[in-house]
Amino acid sequence: MFAVNRGNITGRLDIRNILYSQTHTDNGIQRVSLGQLTIEEPCYGTSATAIVRTSEEQPKYIRITDFNDFGIEEKHVFKTAETFSNKHFLKFNDLLFARSGSVGKTYFYDGSIGQAVFAGYCIRFRFDENKVIPKYVYWYTKTNSFLRWVDGIQRPAVQPNINKEEYKSFEILLPCLEDQKKLVDFMDKAFLSRQKRIKQTDEIFNHAKIKFFETFGLSLVEYAPALYSVSNRGKLREMGIYCNPHSDYLNTVFLHLRENEYYAGNLEDFVEINPTTNRAELQDNTPVAFVPMPAVEEKTNGVSYEIKPYKEVKTGFTIFQKNDLLWAKITPCMQNGKSFIAADMPTEIGFGSTEFHVLRKKSERIYMPYLWVILSDAHILEAAQGMFSGSAGQQRVPDTFLKKFPIVLPPVEIQKELADNVMRALKQAKEMRDTAETEWQSAKEQFERELLQ
């Protein structure tokens, strides 16, 4: 329950939107809507299908899934658009706003990725640089103030959305250009500091991973798109036919694994894939751990557990037990490396998303953290796409990939030493990353304080 004077309602009659509006105070700096700062009408992108880029002449296709809160990752594999027009090309200082799904996400185009066009679920804004520095608007969209506005203005639906006119109505505090530049320089410096720290954490972890694979002579080639795949008939019977650009890479990786001196056979010989779990002792009120997909970190073995009564999760979820390895099978969670070992689970039995494959140890010849390192490797995640099935956006890796995975098993003592080294490096990298994120959050808060003082 809340009360508000009718005369104070100037926008949508929506509880979250009204509550957001009531939090604003006048601090003497003019407040200007984005629509007043544009140099041309904001534009929706192309609705064209994304296709494989086969030439550097083709522009890169920027979709909502291609960027995150920190831009586009350095080694990102771009696609291109099947069709587009000149109005869809991005220019230096353009700002993209996500209008559906991940509403509030923004991307600043500085030209560093080369020619690019943008997708229909994004809205492009071009600003009058005599009024506002475009990068200032971009950093403004990282503030808590903007996020509160997004939460208040977005339309509740299966796919939340914010349209062009609503984005145009968003008001920002607009100091003079000189002060804008100081704030932009401050945020740019903080951002570069974060990126440097993150790069250091990646180097620590990657060095441990490289040593891990080099110890038993395993060096996998990088993925390169192929137009066709060749495989012998015996492998087709074993793996099935999967017609996609990753099929050839899958065959190459599997062949390389089988040729290793420590090749031991198929993974299903040492691990149960999606085993049956005994739930006879569970009562409706028995507390059990619960893991939705968002609770799993990417490539860190990190997970956050919820506790729920058994009656709330006993149907419609995947059951597993302590020390099982859970591996995401659906795109893009699989490619992003969402997997973990339930070693620290607070209950003996857990439930999670149906989009997990469950792996359970059945042989003393395998050390599960060692298996996690293997299955979280970028090359293996890339190869797994060679067995995708299902429609676009809902593609999944079948359990056949895991069952027939050619597992390389040096003596378990070596497995333990190698995996523990990686886990220690992962812990060190995580601590450094947490520090970087804390400093970045402080920088964003300082940016906002400077405006509100």
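Every number here is computed from the coordinates shown, using simple stated rules; none is lab data. These numbers come from a predicted model, not from an experiment. Please note: Cβ atoms are built from the backbone with ideal geometry, for glycine as well, and neighbour counts cover all protein chains shown.
Put simply, when 291-301, 177-187, 344-354 are sorted by average Cβ atoms within 10 angstrom per residue, most first, you get 344-354, 291-301, 177-187.
For the listed residue pairs 338/430; 209/299; 75/211; 91/135, the alpha carbons are over 18 angstrom apart in 75/211.
Of the GluC sites (Glu not before Pro) found in the range 95-166, the ones in coil according to DSSP and having at most 15 other Cβ atoms within 10 Å of their Cβ are 129. Expressed as a fraction of 2.2 N^0.38 Å, the value expected for a compact globular protein of N residues, the C-alpha radius of gyration of the range 56-135 is 1.05.
Relative to its residue count, the range 15-174 spans a Cα convex hull of 113 Å³ per residue.
Can you pull the Rg over Rh of the range 365-439, Cα-only, Kirkwood?
Rounded to two decimals, Rg/Rh equals 1.09.
Label-to-label distance, residue 413 versus residue 206, with points set 7 angstrom from Cα along the beta-carbon direction: 3.3 nm. Taking the helices alone, the chain has a mean residue ellipticity at 222 nm of -10500 deg cm²/dmol, built from -39,500 (n - 2.57) per DSSP H run of at least 4 residues and averaged over all its residues. Sorting 318-325, 381-388 by their mean Cβ neighbour count within 10 Å, with the most densely packed peptide first, gives 381-388, 318-325.
Cα extents for the range 217-409 along the principal axes, largest to smallest and rounded to whole angstrom: 54, 38, 29. Put the Cα centre of the range 159-184 next to the Cα centre of the range 395-427 and the gap is 47 Å.
I need the per residue convex hull volume for the range 309-358, using only the alpha carbons, in cubic angstrom as a whole number.
On the way: hull volume 3.5 nm³, N = 50.
Given the Cα convex hull of the range 309-358, per-residue volume reads 70 Å³.
Backbone phi angles across the range 168-179, fed through the Karplus curve with coefficients 6.51, -1.76 and 1.60 (θ = phi - 60°), yield HN-Hα couplings of 4, 7, 5, 9, 10, 6, 10, x, 5, 4, 5, 5 Hz in residue order; Gly and Pro are listed as x. In terms of overall dimensions, the C-alpha atoms belonging to the chain reach 70, 59, 38 Å along their principal axes, ordered largest to smallest.
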